[in-house]
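To start, the structure under review is shown below, and the notes come after it.
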Amino acid sequence: MLRFLTAGESHGKGLVQVIEGIPAGLDLSEDYIAVDLRRRQGGYGRGRRQKIEQDRAEILSGVRHGTTLGSPISMLIRNRDWENWTEQMSAEPIDEAAIQKVTRLRPGHADLAGTVKYDFDDTRNILERASARETASRVAVGAVCKRFLEEFGVGFHSHTVQIGDVDALVPEEIDWDALEESPVRCSDAAGAEKMVAAIDNARNAGDTLGGVVEGRVTNVPMGLGSHIQWDRKIDGRLAQAMMSIHSVKGVEIGGGFGSTRLTGSKVHDVILPREQWSDRPWARATNNAGGTEGGITDGQDIIVRIALKPIATLPRSLPSADLMTGEEIPAHYERSDVCVVPAAGIIVEAMCAIVLAEAALEKFGGDSMGETLRNWRSYTDTTGPRSLRES
């Protein structure tokens, strides 16, 4: 069983992650985790905070001499900006007169719902934890899960499909290495230029932009998840993980909503005969299902897209109301990004990795990597046609 918890506030001392369930014997380093943390901080449209922070996860426990021990892995990402917030975010009581309470509510954020739910008179008690800064923790946890799934040959990619009203022309084959050089992580060079211009226009107008990101997971084992209960279906678990990402308002797997406009004969992925298989059994003619059927991975690439709304913190504040008086007042503004769509792809990869690592451990899990890999190899030997196994 894999489980994880994160803790920490946006301007607190740091972000903490605890992961339990990773088998013993997995090679893991801080440098490996740092790669995805750097990717998350990039992308055109990010704010000044990314120039302050240089995220790095310090491994505090669960790893010895570069190898996991099977015990809980704990990590810490320090907030460098903490030094500017030591009084406002102090864990110890301070003079209330020194506290700058935030009472101007931001439409689209957790401010109002959170302060009412927890009976606060200062929305900072909500906005600090509700901040997307928390996704740094998920990327660190996701990197650990990616490292685990690498042992099975699973790979993770993501790219920007749309920013604002600019759509990318997605090629049949994407050069994933070249994609990382794009300021908006887009495979369409002409589309990327238009996306950059759209972000500039939004910034100049004091506004923000959302968009669509696609994640792809390759070489996924067939048989992860289950059709038996609603909460074990792999597509349901992926969808919940995607919806938990800040600003996400929609999820598609495979053909998604576009499938509703087609007939069944054009949607369902034809299973090819054995002579047309290449490197894996049970090849398909298409992948409109996005790698899942009946709540179970079908051996094809998992394809998932998320729709991100524009960020709720606008430099040109929207009209709002004051928490204490209910009177009209401009919404609170705090240093923020203009567009997080390019960075969101790394978070999508991380959440996919967490869900799939959990499912892989359910299917193949052992206390050590050796045991887990033996279980996996034994299973893969039985995934071909029954006639081959019985011959």
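For the range 132-142, the criterion of a residue being more than 17 Å from the chain's Cα centre (by Cα) and among the β-branched types (Val, Ile, Thr) is satisfied by no position. Would it be correct to say that Glu293 is among the acidic types (Asp, Glu) and within 29 Å of Asp36 (Cβ to Cβ)? Spelling it out, it is not the case that Glu293 is among the acidic types (Asp, Glu) and within 29 Å of Asp36 (Cβ to Cβ). Pairs are defined by a Cβ separation below 9 Å, a sequence spacing of at least 6 or placement on different chains, a first member in the range 317-346 that is over 30 Å from Asp167 (Cβ atoms), and a second member that is assigned to a helix (DSSP H, G or I) and among the hydroxyl-bearing types (Ser, Thr, Tyr); the pairs so defined are Leu323/Thr115. Residues in the range 330-360 that are of a type in the set (A, V, I, L, M) and touching a Pro at 6+ places or on another chain (Cβ under 8 Å): how many? Total satisfying the criteria: 2. Of the set (1) closer than 30 Å to Gly295 by Cβ; (2) modelled with pLDDT of 95 or more; (3) not β-branched (Val, Ile, Thr), all apply to Glu172 but (2). Need a quick list: helices (runs of 4 or more DSSP H) entirely within the range 62-153 having at least 3 residues that are aliphatic (A, V, I, L, M) and over 25 Å from Arg38 (Cα atoms). Counting at least 3 such residues, we get 111-118.
Residues that are exposed (fewer than 15 other Cβ atoms within 10 Å of the Cβ) and in contact with an Asp or Glu (Cβ under 9 Å, 6 or more places away or on another chain) within the range 246-267 comprise just one, Gly258.
Going by the structure shown, is Ile33 among the β-branched types (Val, Ile, Thr), free of Cβ contacts under 8 Å to residues at least 60 places away in the same chain, part of a helix (DSSP H, G or I) and within 23 Å of Leu5 (Cα to Cα)? The answer is no for Ile33.
Scanning the range 210-241 for residues that are outside any helix (DSSP H, G or I) and aliphatic (A, V, I, L, M), we see that the one that is farthest from Arg305 (Cα to Cα) is Ile228. Listed by first and then second residue, the pairs with beta-carbon distance under 9 Å, at least 6 apart or on different chains, first residue in the range 12-30 and among the small types (Gly, Ala, Ser), second crowded, with 18+ Cβ neighbours inside 10 Å and part of a helix (DSSP H, G or I), are Gly12/Glu128; Gly21/Ala357; Gly21/Glu358; Gly21/Leu361; Ala24/Met369; Gly25/Met369; Gly25/Thr372; Ser29/Arg147. Considered as a group, the residues in the range 271-288 that are within 19 Å of Asp381 (Cα to Cα) and not in a loop (DSSP other than H, G, I, E, B) include one that is farthest from the chain's Cα centre (by Cα), and that residue is Glu275.
Could you please tell me which pairs satisfy a Cβ distance under 7 Å, a separation of 6+ or placement on different chains, a first residue in the range 222-238 that is of a type in the set (Val, Ile, Thr) and surrounded by fewer than 21 Cβ atoms within 10 Å (Cβ to Cβ), and a second residue that is assigned to a loop (DSSP other than H, G, I, E, B) and modelled with pLDDT of 95 or more? Correct list of pairs: empty, since none qualify. Of the residues Glu358, Glu334, Glu362, the single one that is at negative phi and part of a loop (DSSP other than H, G, I, E, B) is Glu334.
The values are calculated or read from the model by the stated rules, or taken from the named source; none is laboratory data. Note that the structure is predicted; figures quoted are calculated from it, not measured. Here the Cβ is made from the backbone with ideal geometry for all residues, glycine too, and neighbour counts use every protein chain on show.
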